[in-house]
């Protein structure tokens, strides 16, 4: 499940989602701020994977483009 959730990792909505999902960028390690494009100060866009399965995060990429005020994220993952 991925998208612009408009909440930060220390927020209550994030904690609620983390009861059933894992944050792919956290799993990969060293999460980056992605908003705004000009001065990334925050992380509010996420890719979440089900915690009921074993996932391998092969790659997590932040795409640097000025097409939006958010930088898109791309995850390559494998279901074990």
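Observations, loosely collected:
- Choice from 58, 32, 22 with maximal GNM fluctuation in the chain (Cα, 10 Å cutoff): 58
- Length-normalised contact order of the chain in % [C-alpha pairs under 8 Å, at least 6 apart]: 30 percent
- The chain: most fluctuating residue of 56, 44, 34 per GNM, C-alpha cutoff 10 Å: 56
- Secondary structure note: in the range 2-79, about 100% of the DSSP beta bridges are antiparallel.
- Multiplying the residue separation of residue 66 and residue 12 by 0.36 nm and removing their Cα-Cα distance gives an extension gain of 16.4 nm.
- Label point distance in nm, residue 79-residue 53, each placed 7 Å from Cα along Cα→Cβ: 0.3 nm
- Max mean-square fluctuation residue, GNM over the chain, Cα-Cα springs under 10 Å, options 30, 59, 45: 30
- Debye-sum result for the chain in log10 I(q)/I(0), which assumes one identical scatterer on each alpha carbon, at q = 0.13, 0.18, 0.20 Å⁻¹: -0.38, -0.73, -0.88
Read-outs throughout are calculated quantities, based only on the coordinates presented, and are distinct from any laboratory measurement. Just so it is clear, the structure is predicted and the values come from calculations on it, not from any experiment. Cβ atoms come from the backbone with ideal geometry, glycine included; neighbour counts cover every protein chain shown.
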